[in-house]
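Everything below concerns the one structure shown next.
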Protein chains: 2
Amino acid sequence: MTASISIDFAQATAPQVYDWLRAAILSCELPPGARLSETEIGNRIGVSRQPVREAFIRLASEGLAEVRPQRGTYVSGISTSAVLSARLIREAVESDLVRMLAPLADDALLQRLDAEIDQQRTAIDRHDVPTFVTLDDRFHRLLAELAGHEAVWLVLDGLKSQMNRVRHITARTFDISRLIGQHEAIIAGLRAHDPAQAEQAMRLHLRELLNDLPEIERSRPEIFLP
Amino acid sequence: MTASISIDFAQATAPQVYDWLRAAILSCELPPGARLSETEIGNRIGVSRQPVREAFIRLASEGLAEVRPQRGTYVSGISTSAVLSARLIREAVESDLVRMLAPLADDALLQRLDAEIDQQRTAIDRHDVPTFVTLDDRFHRLLAELAGHEAVWLVLDGLKSQMNRVRHITARTFDISRLIGQHEAIIAGLRAHDPAQAEQAMRLHLRELLNDLPEIERSRPEIFLP
DNA sequence: AACCACATACTTGTATGGGAGTAAAGGCTG
DNA sequence: CAGCCTTTACTCCCATACAAGTATGTGGTT
């Protein structure tokens, strides 16, 4: 059974239902293939079918759910090609961003990045995987922000929705401590004011998923689309 | 008054309304700031508020409309930062794609691209701007497809929604014939099997918008967000 | 004339009922 | 026993009714 939700009736309920379901899907609390029913969810949280339905529509429009008319609504399976597309886009964009960032990297900027690394290392030492995932996101977001393109990260963050479900599994399965070394390699490239070095480090970092994805597909084929 | 629509009652109406409104917004037939009323549109096309409302929700979720509760729904203004983000992402991704494509460029592939150029030239000679815009999309999509990443283009196409409204104005205002020369420069880089040359040509091509955008903002400030 | 209060006509948000279609279970027939 | 048909329960889709909030215009007061 998924975690419950308390509706704030002072605000519109449909967005609240949407946020709740989206978080549950991205964390794989609602795994791919799970059935979603308007009436069932509506009854459980004490609202009518309408707001739930509107949440379904938004989830379907971003590919997280699939409504089959007169049949039912289901959590979408993970599309391998969507994950690979999002990864390729991230690599292209973020490698460009760090290239633009290399000439701008001054001491203050490098110190902020080093501070992030410290926090990441603390999370790893505590084996606190969820925190590390959050910090990893924040690290990449910070790079975009420092390059003067925070809005770009917002777009990438939306794209990652398919990717995040995989990463949620990756983080539990694979050794994530080496990711810190890759982060440090990116910073090293920035510190050297070497765009090519920073770009290459970023590309290597974001290609990690390519190594892990086949094994994830083998180990849990049921959560992927055929 | 916008072009009308005939609903096929054999199929779900909400997606039809969505497609219709989306096309009207992207073509600026419904300009930024235009008011959208659930009841008004529903009455006009002979359906209830509900399917129209669901179309609004999807449009709002991709940033093309803005629903202000109890106030009204309006076509979103064009966000300059969203346009710039989409452009930056396109440049990063498509320059990567042509770089991957350069080693793969054989005669058959180059012939397909040359054929596209011929069609583009025909459209320009006829001053057929809408056709050229369609062909331009197809050209870029073809490059992605030939690089083996058609799915990536689908993502980019969704991102471009903000950009397309600007381009619609650009095409009417600026000299688009030079775009063909830029397309040819990309092909020249592929023909030479020179990834760096192809990449540079693509980057120059996609930076055109940076030249035009400030002038568009000056000439039509009312369609941009503050 | 300027300003405030209220009534009215809107807007979107939610609840509910009916319709059409699907799927699975049960009973009938061969 | 196997296969087909009917029934039944369920799904989403659309229409309608009601609720709550906002903007506007009108009337009276100051």
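The values are calculated or read from the model by the stated rules, or taken from the named source; none is laboratory data. Worth saying up front: this structure is predicted, and the values here are computed from it rather than measured. Here Cβ is always computed from backbone atoms with ideal geometry, including for glycine, and neighbour counts include all displayed protein chains. Ligands, DNA and RNA are excluded from the accessible area calculation, which covers all protein heavy atoms including side chains. Shrake-Rupley method; radii C 1.70, N 1.55, O 1.52, S 1.80 Å.
Worth a mention:
- If you take the Cα centroid of the range A:118-180 and the Cα centroid of the range A:1-65, the two points sit 25 Å apart.
- Gaussian network model of chain B, Cα within-10 Å springs - most flexible of B:Q50, B:Q119, B:Q70: B:Q70
- Loop sites in the range B:162-217: trypsin sites (Lys or Arg not before Pro), DSSP, at most 13 other Cβ within 10 Å: B:R207
- The sum of -39500 (n - 2.57) across all DSSP H runs of n ≥ 4, divided by the residue count of chain B, sets its helix-only mean residue ellipticity at 222 nm to -22500 deg cm²/dmol.
- For the range B:80-223, the carbon plus sulfur part of the accessible surface works out to 53%, probe radius 1.4 Å.
- Assuming charge only on the beta carbon of Lys and Arg (+1) and of Asp and Glu (-1), the dipole of the protein assembly as shown about its Cα centre is about 1260 debye to the nearest 20.
- Ordered from longest to shortest, the equivalent ellipsoid semi-axes for the range B:50-122 are 40, 16, 12 Å, each the square root of 5 times a Cα gyration tensor eigenvalue.
- Listed residues A:G77, A:G148, A:G33, most fluctuating in chain A (Gaussian network, C-alpha, under 10 Å): A:G148
- Taking every C-alpha pair closer than 8 Å and separated by at least 6 residues, the mean separation divided by the residue count of chain A gives a relative contact order of 25 percent.
- The dipole here belongs to chain A: it is taken about the Cα centre, uses +1 on the Cβ of Lys and Arg and -1 on the Cβ of Asp and Glu, and is about 880 debye.
- B/A buried area, accessible surface, summed, 1.4 Å probe, Å²: 1900
- Placing unit charges on each Cβ (+1 for Lys and Arg, -1 for Asp and Glu) gives the protein assembly as shown a dipole about its Cα centre, and among B:S48, A:A86, B:L213 the Cα reaching farthest toward its positive end belongs to B:S48.
- As a ratio to 2.2 N^0.38 Å, the alpha-carbon radius of gyration for the range A:90-226 is 1.06.
- Grouping the Cα pair distances of the range A:13-75 into 10 Å bins from zero gives a pair-distance distribution of 24, 62, 13 percent in increasing distance order.
- Low-density loop cleavage sites - trypsin sites (Lys or Arg not before Pro) in the range B:88-163, where at most 16 other Cβ are within 10 Å (DSSP): B:R126
- Loop-located trypsin sites (Lys or Arg not before Pro) in the range A:22-85 (DSSP state not H, G, I, E or B) with no more than 14 neighbouring Cβ atoms inside 10 Å: A:R71.
- A:D114 sits among other residues whose Cβ lies under 15 Å from its own Cβ, and their net charge, with Lys and Arg +1 and Asp and Glu -1, is -1.
- Burial of 20 Å² or greater, the range B:33-64 residues [accessible area, probe 1.4 Å, versus chain by itself]: B:Q50, B:R53, B:E54, B:I57, B:R58, B:S61
- Given charges at Cβ of Lys, Arg, Asp, Glu: the protein assembly as shown dipole, positive-most of B:F132, B:G63, B:M202: B:G63
- When only the Cβ of Lys, Arg, Asp and Glu is charged (+1, +1, -1, -1), the dipole of the range B:13-75 relative to its Cα centre reaches about 180 debye.
- Across every direction, the projection of the convex hull enclosing the Cα atoms of the protein assembly as shown has a mean area of 24.4 nm².
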